[in-house]
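Quick notes on the structure that follows.
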Amino acid sequence: MSASTSPAIRLTAYSHGAGCGCKIAPAVLDSILAGQRAGSENARLLVGNSGRDDAAVYDLGHGQALISTTDFFMPIVDDPFDFGRIAAANAISDVYAMGGRPTLALAILGWPIDKLPPQIAGEVLRGARAVCDSAGAVLAGGHSIDSPEPIFGLAVNGLAPLSHIKGNDGAKAGDLLFLTKPLGIGILTTAEKKGLLRPEHQHTARDVMLQLNSFGERLGALPWVHAMTDVTGFGLFGHLCQLCEASGVSAAIFSGLPRTLPGALEYLAAGAIPGGCKRNQQSFAERVAPLESPNLELYFDPQTSGGLLIAIEPSASESMQALLREQGLDAHCEPVGRIEAYQNGQPRVQMDPP
């Protein structure tokens, strides 16, 4: 149950997009950033514009790193308290995905003050503060504007020893891939908008989005974890393509995996396809092998606050499975794929035949 005390409203009715599905299409983003990745950068900036990682990393000296990220979007749920919680969990995830510990956050709020009362925005902030408290991070302020649609997110800073930083560029041929959350978040939230969601699935996606990826901080200390990212708006295949490109490898996802949210395949068959699915498919088409799957959209489904995608040394598979069970992630103990060498001189993502 939500802790919100706000009057019943439908936040999603006030925005044209939802959650990480609001992201600009990857191909369009590439055009915007063209020429921005080159040029000299501060020698202490270890991860910045030159890559497509989850967060920026700055060398503070004495073996310590500052991790800095920002993420914000329009409502993916109607309840304002839950919206704030989900947006906060999603933004904080980028720090965990780099192997760090979140420490300080600032709120980013856009609010249609002529349409929605300020008390509702207060509920959004209350939800975000609850998640920051849970993560051990301080929500210390922020910035707000009057905007046509509700927007909320966080700018988050975190810390980690330099040796614990896990980028998306360290995967090696032979590595096994693990994913810590099921797919289908965008599909279920789209089903809800279309009025297709059954009562038993009412909070299924919300509850998964609220799970913090705090496991990432622990993974940062493990030398057999070679690369890590979180799966969000570009979908599993989109973020896997970026990991492959950064690492100079290809990848194969095992048929029949990964897990999906209850009802996701049924809603997909009923037409609950997020708009971001098609954008992701078009943007990554050249890097994904042709697939014949009735559930193809699932692999491009934009996730909000999705799971960690982790590439590990294959000899550490049992250790990884033990850690996942320790974290209560028993359902995600099987590897979902493997890293392979370049195919035809370029990165490629494909499915293993059944």
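The values are calculated or read from the model by the stated rules, or taken from the named source; none is laboratory data. Every value quoted in this text rests on a predicted model; they were computed, and no experiment measured them. So basically every Cβ, Gly included, is an ideal-geometry build from the backbone, and we count neighbours across all protein chains shown. These accessible areas exclude ligands, DNA and RNA; they are computed on the full protein's heavy atoms, side chains included. Shrake-Rupley method; radii C 1.70, N 1.55, O 1.52, S 1.80 Å.
Would you pick out the residues in region 234-291 that are on the phi > 0 side of the Ramachandran plot and buried (at least 19 other Cβ atoms within 10 Å of the Cβ)?
Step one: list which residues in region 234-291 are on the phi > 0 side of the Ramachandran plot, which gives 235, 248, 256, 263, 271.
Matches in region 234-291: G235, G263.
Restrict the check to region 268-275 and report whether at least one residue is among the hydrophobic types (A, V, I, L, M, F, W, C), under 27 Å from K194 (Cα atoms) and in a helix (DSSP H, G or I). Walk me through it before giving the result.
Filtering region 268-275 for residues among the hydrophobic types (A, V, I, L, M, F, W, C) gives 268-270, 272-273.
From the residues that got through so far, the ones that are under 27 Å from K194 (Cα atoms) too are 268-270, 272-273.
Filter once more, so that each one left must be in a helix (DSSP H, G or I): 268-269.
Yes - at least one qualifying residue is present in region 268-275.
Report, by residue number, each residue of region 52-61 that is surrounded by fewer than 19 Cβ atoms within 10 Å (Cβ to Cβ) and either closer than 14 Å to H164 by Cβ or under 16 Å from the mean Cα position of the chain (by Cα) (or both). Let's see the steps before the verdict.
The initial filter retains those residues of region 52-61 that are surrounded by fewer than 19 Cβ atoms within 10 Å (Cβ to Cβ), namely 58-61.
Listed by number, the residues that qualify are D59, L60.
Residue by residue through region 76-121, note down the ones that are among the aliphatic types (A, V, I, L, M) and either free of Cβ contacts under 8 Å to residues at least 12 places away in the same chain or in a helix (DSSP H, G or I) (or both).
Looking only at region 76-121, we keep the residues that are among the aliphatic types (A, V, I, L, M), and these are 76-77, 86-89, 91-92, 95, 97-98, 104-109, 113, 116, 120-121.
Correct list: I86, A87, A88, A89, A91, I92, V95, A97, I120, A121.
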Taking the criterion of being touching a Lys or Arg at 6+ places or on another chain (Cβ under 9 Å), open to solvent by less than 10 Å² (accessible area, probe 1.4 Å) and within 21 Å of L60 (Cβ to Cβ), would at least one residue in region 174-191 satisfy it?
no
Of the criteria (1) in contact with a Ser or Thr (Cβ under 6 Å, 6 or more places away or on another chain); (2) within 20 Å of P182 (Cα to Cα), which one A311 fails:
(1)
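Acidic (D, E), modelled with pLDDT of 95 or more and in a helix (DSSP H, G or I), is that true of E245?
On the way: acidic (D, E): yes; modelled with pLDDT of 95 or more: no; in a helix (DSSP H, G or I): yes.
Against the criterion (acidic (D, E), modelled with pLDDT of 95 or more and in a helix (DSSP H, G or I)), E245 does not qualify.
Looking only at region 122-146, count how many residues are assigned to a helix (DSSP H, G or I), open to solvent by less than 10 Å² (accessible area, probe 1.4 Å) and either over 21 Å from L212 (Cβ atoms) or of a type in the set (G, A, S) (or both).
2
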Considering region 62-114, residues that are under 15 Å from L125 (Cβ atoms) and of a type in the set (G, A, S), and then whichever is surrounded by the fewest Cβ atoms within 10 Å (Cβ to Cβ), we arrive at G110
Output for Cβ contacts, cut-off 6 Å, separation at least six or different chains, first residue more than 15 Å from G84 (Cα to Cα) in region 145-156, second open to solvent by less than 10 Å² (accessible area, probe 1.4 Å) and in a strand (DSSP E or B), reads I145/G110; S147/G110
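Return the residue satisfying two criteria in turn: it lies in region 303-328 and is open to solvent by 50 Å² or more (accessible area, probe 1.4 Å) and not small (G, A, S), and of such residues it is nearest to the chain's Cα centre (by Cα).
Of the residues in region 303-328, the ones open to solvent by 50 Å² or more (accessible area, probe 1.4 Å) are 313-315, 318-319, 322, 325-328.
Imposing the further condition that a residue be not small (G, A, S) reduces the set to 313-314, 318, 325-327.
Values: E313: 23, P314: 24, E318: 25, R325: 22, E326: 22, Q327: 19 Å.
Looking at the filtered set, the residue picked out is Q327.
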By residue number, the members of region 303-354 that are of a type in the set (S, T, Y) and either closer than 22 Å to A285 by Cα or free of Cβ contacts under 8 Å to residues at least 60 places away in the same chain (or both) are T304, Y342
Where the second residue is open to solvent by 10 Å² or more (accessible area, probe 1.4 Å) and of a type in the set (D, E) and the first is within 19 Å of C277 (Cα to Cα) and lies in region 174-199, which pairs have Cβ atoms under 8 Å and are six or more apart or on separate chains?
I187/E297
Check off (1) in a helix (DSSP H, G or I); (2) under 18 Å from L188 (Cα atoms); (3) of a type outside the set (D, E); (4) in contact with a Gly (Cβ under 9 Å, 6 or more places away or on another chain) for K278 and give me the number that stays unchecked.
(4)
Looking at (1) more than 23 Å from D53 (Cα to Cα); (2) among the charged types (D, E, K, R); (3) under 20 Å from the mean Cα position of the chain (by Cα), find the lone condition where K166 falls short.
(1)
